[in-house]
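To keep things clear, I will list the structure first and then write my remarks on it.
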Amino acid sequence: LLHHGLFPTAPSQPRMAVSIELLAFYRALFERSCDAINALAAALNSHYTRRGFRMTGREWYDVLQVEVEHHIQSVLEQCRQRISEARLPTHHDAVSDDALKTFNQTSTPNSRSDTSQNAVEPISQPLSQPLSQPFSQPLSRGSCATLLVQRCPACFGGNSFGRSLVDGGDIHVATDGNFHHRHRRSAGDCPSFYEPAYFLSKVQVDLVGNRIEKARKRQPRKQKGLVPDEAIDQCETSYEAADGKKQKTAMDSFDDTGVMALICRHDIPLFFANIDSPGEQQKYSLSLIEHLFSFLPSDANVVVLYDVGCVLSCSLSQYAILDDQITSRLRFTTTAMHAYGHEWACQLVYNPRLAIGLGLSDGEGTERLWSRFIKLIGIERASSVPAAVGHEMRKDLGSWLKRRMKKGVGEQGTAAQEVLGECDVPISELETQWANQRSAQLSVRARKCDIL
């Protein structure tokens, strides 16, 4: 049957077969239109049942397709390992290693002395924004898991990690929740016939939630924060995302009330988690972050952009929720659009447009992802749509980088240079004045004056 282009509806003694071309066409149609498969499947089932054909097996095509994809990826991974093991050092590798060694030796000593006097947080706490100039740290060789490389080779295909969080880190990701993608409780659960490629399990998310509850029962750690506590408290009360108890969906009608997403800086989806609580609790974003670190080398540093990144950073600084090996390589900022709703003292530290090393990363890729998923709201969630979106954006990665280089770096950089030229003030003096303003406005005294 397969040789003649037909796919059987059962693994043995099939009574009916479907054209493989029709199945491939419908998969492409679903990726674009997100029409529910139930309607077409029910219509075909009714049509052939009336003609005397009854289907005895279901989902065989999806299962076989997943198995084929897994087999192909397994073969590719074996080839990569063989090539890596058989690859001999070349002159280019020697030059690269020498350059890396020279870079580490020349950049590290001078830069560390510039920042040691301004250190405020212990190294095990997540970094938000430094008070001093950026410095460089020795880079180390390593590689990300194949799963991440397949999803975004631009972010995870490198082999040198350890760039300082002050310089912007190695990897930028963004996370956000959406409460329009819900699962009705009365619909029940479909049979599980393969492991989700993108969604974290409920058990994994709940383990992080239990850890948060236990940590909050202890006394918070005392330390000097980069932002006055009053400003963080004001941000927490101003944003719904920071209120994990606020009900956004009727829990009596839905068992999954939303979706939490984690994407890379190129807007490619990495992982998802089902939201099964009334509000956007911290366990969802932290479980996604912890899951991401399990696929990264031990020296990789990550910057996370989140609507209430300031609140999440403060929570990790006060409570031992994540392992120190993660928090020491983690930095938070807010997203660019939501940053302007935060307190000014918070913006000085967490606004990505004011943060050193973030470049054009704005954290708003999650909003663009939800825009692509809008057709899916009316029916159901499925990993096939994130996979299709990721595949399409991965193909468009070169054009994406070209657009950012032309518009973001070229045009905006030229405009910025023109403004600096018209200002006719040395850049060193502007940097000094900005540092003085930032230090003054981050003080507790300035915060009290604003309240009065």
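The values are calculated or read from the model by the stated rules, or taken from the named source; none is laboratory data. Note that this is a predicted model, so its numbers are computed, not measured. Note that each Cβ is placed from the backbone with ideal geometry, even for glycine, and that neighbours are counted across all protein chains shown.
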**Report entry** Residue tally, condition basic (Lys, Arg) and either within 14 Å of the chain's Cα centre (by Cα) or modelled with pLDDT under 90 (or both), over the range 150-164
**Finding:** 1
Query raised in the report: Quick one: which of Leu312, Leu270 is closer than 17 Å to Val173 by Cβ, over 13 Å from the mean Cα position of the chain (by Cα) and among the hydrophobic types (A, V, I, L, M, F, W, C)?
Result: Leu312
**Report entry** Arg87 modelled with pLDDT of 55 or more and either surrounded by 11 or more Cβ atoms within 10 Å (Cβ to Cβ) or more than 30 Å from Glu431 (Cα to Cα) (or both)
**Finding:** yes
Report summary line: Counting only strands (runs of 3 or more DSSP E) wholly inside the range 229-292, the ones holding at least 1 residues that are modelled with pLDDT of 85 or more, touching a Phe, Trp or Tyr at 6+ places or on another chain (Cβ under 9 Å) and aliphatic (A, V, I, L, M) are 258-264, 269-275
Query raised in the report: Of all residues in the range 316-335, which are without any contact (Cβ under 8 Å) to a residue 40 or more places away in the chain and part of a helix (DSSP H, G or I)?
Result: Gln325, Ile326
